[in-house]
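Asker: Supplied in structure tokens, the structure appears directly below.
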Amino acid sequence: MSPGAPGAAQTARLTRSSSQAPRHFLSVLDRSADEWLALINRAGALKHVRPIGGPHPALLSGRTLALIFQKPSLRTRVSFEVAMLQAGGHALYLSPAEIQLGQREGIADAARVLSRYVDAIAARVYLHRDVEALARDATVPVINALSDREHPCQALADLLTLTEHRGSLRGLRLAYVGDGNNVASSLALAATRLGVQVTIASPDGFEVPPEVLEAAHEGAGLGGTVETFRNPRDAVRGADVVYTDAWYSMGQEDEAEVRQPLFRAYQVNQTLLHSADPNVLVMHDLPAHRGQEITDDVMDGPHSIIYDQAENRLHAQKALLVDLLERRASV
Ligand code: CP
Ligand code: NVA
């Protein structure tokens, strides 16, 4: 099984990270519904308030963020770096070759040493347990910048984007179509917490893990629900939002050929959108494989809010960083 394969995510039990300071952001479950709403509101405020002399130079003045990446990235890396820069702080990008997380030295030692230099760590890892291991030994906040199990920063940007477009999340009908992966899991966990009615359609064997669905049910609030389907049309019927992601994730490239025929019926195209609400919004976390999970005309069409999502990674993560580092200052 490749490191990013779904089985790795499915065998792990969903747990909140430690409640002791520092406060990490490894999973959607690490924040309550009220805290999610506060982050979304703060991100919206930071997006629109731009003081003279640069966006927010005093917010994170003198603060440093280490970015550990085991996998490639455009949005996550750039948005974290620019967020720190605009807030008066600094980000250090550490490529897979530099840190070699868990290979050159143990993850615990890397966490302890980095904590002596920087104020926060964001890590993109293959195995969720590696970001948990970092958090266990770090004395500064650790942010999950994507693991095989979750992508909570993406969910934060997605819910900010939906709030901007629809005013409120409560009662929205969101259909996720495709692989039940990290993005689907975080989206389902976060959206149900805030009152969204989530439907998910995935091919046999590629469903959102049962423990994630269970956690989404348990954590649902404000009328939020989650329901699964096999047929994408059933999930999309009447939906206000249709969301999709790649049919194979980073680390699963060798499964592309096997997966493509299994996922073909799950393509988000004009025909599928006919089942949705006429004013449907279309979302994708990117990078997209145009012509596979989504067609060009849908991506570039009038219903797409995909580039708003991408922009909002910046505002959402800036809010998260300010929240985490302010907390740390007050401890
Ligand atoms: N959506 C997202 O996380 O994009 P990157 O992989 O480019 O960071
Ligand atoms: N599910 C995708 C998301 C990329 C941002 C992956 O893990 O590769």
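Asker: If I fit a long axis through the Cα atoms of helix 128-137 and take the longest principal axis of the Cα atoms of the chain, what angle between them do I get, 0 to 90°, rounded to 10?
Answerer: 20 degrees
Asker: Give me Rg over Rh for region 226-331, both radii from the alpha carbons and Rh done the Kirkwood way, two decimal places.
Answerer: Reported Rg/Rh, Kirkwood definition of Rh: 1.09.
Asker: So, in nm, how far is label VAL78 from label ARG233 when the simple model puts each one 7 Å beyond its Cα toward the Cβ?
Answerer: Calculated label separation equals 3.9 nm.
Asker: Compute the helix-to-body angle for 306-330: its Cα long axis versus the longest principal axis of the chain, expressed 0 to 90° and rounded to tens.
Answerer: Orientation of helix 306-330: about 30 degrees from the principal axis.
Asker: In percent, how large is the relative contact order of the chain, given Cα pairs closer than 8 Å and 6 or more residues apart?
Answerer: 20 percent
Asker: How large is the dipole of the chain about the Cα centre if only Lys and Arg carry +1 and Asp and Glu carry -1, each at its Cβ, rounded to the nearest 20 debye?
Answerer: 940 debye
Asker: Also, I was wondering about something else. List the trypsin sites (Lys or Arg not before Pro) within region 99-131 that DSSP assigns to loop and that have no more than 12 neighbouring Cβ atoms inside 10 Å.
Answerer: ARG104
Asker: Given springs between every Cα pair under 10 Å in a Gaussian network model of the chain, which of GLN270, GLN154, GLN317 has the largest fluctuation?
Answerer: GLN270
Asker: Under the Kirkwood approximation applied to all pairs of distinct alpha-carbon atoms, what is the hydrodynamic radius of region 103-166 in Å?
Answerer: 12.7 Å
Asker: To continue, here is another question. Calculate the tail of P(r) for region 276-331: the fraction of all Cα-Cα distances greater than 16 Å, expressed in %.
Answerer: Result for the distance tail: 56 percent.
Asker: Related question: List the residues whose amide H sits under 5 Å from the amide H of GLY221, counting only those 5 or more places along or on another chain, with H placed 1.01 Å from N in the peptide plane.
Answerer: Amide H neighbours of GLY221: ARG193, LEU194, GLY195.
Asker: Provide the gained length on full extension for the span GLN100 to ASP300, in nm with one decimal, where the gain is 0.36 nm per separating residue minus the Cα-Cα distance.
Answerer: So the extension gain works out to 68.2 nm.
Asker: Which is farthest toward the positive dipole end of the chain among HIS289, LEU321, GLY62, measuring Cα position about the Cα centre, with Cβ charges +1 (Lys, Arg) and -1 (Asp, Glu)?
Answerer: After comparing all options, I get GLY62.
Asker: Once Rh for region 168-217 is found with the Kirkwood sum over Cα pairs, what is the Stokes-Einstein diffusion coefficient at 25 °C and 0.890 mPa s, in µm²/s?
Answerer: 227 µm²/s
Asker: For the chain, take the longest principal axis of its alpha carbons; what is the angle in degrees between that and the long axis of helix 152-166, to the nearest 10 within 0 to 90?
Answerer: 60 degrees
Asker: Considering just Cα atoms, how many Å³ per residue does the convex hull of region 157-287 enclose?
Answerer: Here the figure is 98 Å³ per residue.
Asker: Still on this structure: Based on the Cα coordinates of the chain, what is the per residue volume of their convex hull in Å³?
Answerer: Dividing the Cα hull volume of the chain by its residues yields 124 Å³.
Asker: Moving on. Set the Förster distance to 41 Å, then compute FRET efficiency between ARG170 and TYR117 from the Cβ-Cβ distance, nearest 0.05.
Answerer: That pair, ARG170 with TYR117, gives E of 0.45.
Read the figures in this text as sums done on the coordinates, not as results from a lab. Keep in mind that what you see is a predicted model, and the values were worked out from it rather than measured. Don't worry about glycine lacking a Cβ; one is built from the backbone with ideal geometry, like all the others, and counts go over all protein chains shown.
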